[in-house]
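S.K.: Here it is: the structure, laid out below.
The values are calculated or read from the model by the stated rules, or taken from the named source; none is laboratory data. No experiment lies behind these values; they were computed from the predicted model shown. Note that we place each Cβ from the backbone using ideal geometry, even for glycine, and neighbour counts take in every protein chain shown.
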């Protein structure tokens, strides 16, 4: 069995530190998946902190930690650290060049994709919430 964590370096420091500590303490393989912006995203990297916060607020990058040892304590093995999506995905994605390019070249396609993705992200959050034993749900349509 292994553990996994999903984090945003620096955007939510306590969650990041907790994820690293739990991964290091686990007596076996651990995996940490972190969102890592790069200059190819096409925005000022000084704004990375804000972009990472927005990506989490949209549900694009949910924060969670999985530790199978929690099951032995009667707890859910998955700990969901982010709140339900509550921000516009399209608005946040348009901060990045790769998405602005699609929006400029094929606005109808982009709009349809953003809407479908936003719905899917809310459903994904609800599923993660269920696995984490939380009652908190997104405002999925």
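S.K.: Among what's in the stretch 124-139 and is surrounded by 15 or more Cβ atoms within 10 Å (Cβ to Cβ) and at pLDDT below 95, pick the residue that is farthest from residue 88 (Cα to Cα).
M.R.: Taking the candidates together, the pick is 134.
S.K.: Filter the stretch 34-45 down to residues that are in a loop (DSSP other than H, G, I, E, B) and free of Cβ contacts under 8 Å to residues at least 40 places away in the same chain and give me whichever is surrounded by the most Cβ atoms within 10 Å (Cβ to Cβ).
M.R.: Residue satisfying both the conditions and the ranking: 37.
S.K.: Inside the stretch 46-141, counting only helices (runs of 4 or more DSSP H) that do not spill past its ends, which hold 1 or more residues that are touching a residue at least 60 places away in the same chain (Cβ under 8 Å) and over 30 Å from residue 30 (Cβ atoms)?
M.R.: 107-131
S.K.: Mind checking which residues of the stretch 95-129 are under 17 Å from the mean Cα position of the chain (by Cα) and within 23 Å of residue 38 (Cβ to Cβ)?
M.R.: 95, 96, 114, 117, 121, listed by residue number.
S.K.: Given the criterion surrounded by 15 or more Cβ atoms within 10 Å (Cβ to Cβ), at pLDDT 95 or above, closer than 20 Å to residue 129 by Cβ and touching a helix residue (DSSP H, G or I) at 6+ places or on another chain (Cβ under 6 Å), identify the matching residue among 92, 58.
M.R.: 58
S.K.: Moving on to the next point. If you take the residues of the stretch 5-30 that are under 27 Å from residue 45 (Cα atoms) and touching a helix residue (DSSP H, G or I) at 6+ places or on another chain (Cβ under 8 Å), which of them is modelled with the highest pLDDT?
M.R.: Filtering the stretch 5-30 for residues that are under 27 Å from residue 45 (Cα atoms) and touching a helix residue (DSSP H, G or I) at 6+ places or on another chain (Cβ under 8 Å), the one modelled with the highest pLDDT comes out as 12.
S.K.: Let me ask another. On the given criteria, is residue 121 closer than 24 Å to residue 132 by Cα, in contact with a strand residue (DSSP E or B) (Cβ under 8 Å, 6 or more places away or on another chain) and surrounded by 12 or more Cβ atoms within 10 Å (Cβ to Cβ)?
M.R.: For residue 121, the condition - closer than 24 Å to residue 132 by Cα, in contact with a strand residue (DSSP E or B) (Cβ under 8 Å, 6 or more places away or on another chain) and surrounded by 12 or more Cβ atoms within 10 Å (Cβ to Cβ) - is not met.
S.K.: May I ask you to verify whether residue 77 is within 22 Å of residue 17 (Cα to Cα), modelled with pLDDT of 95 or more and either out of contact with any helix residue (DSSP H, G or I) (no Cβ under 6 Å at 6 or more places or on another chain) or surrounded by 18 or more Cβ atoms within 10 Å (Cβ to Cβ) (or both)?
M.R.: Yes, satisfied.
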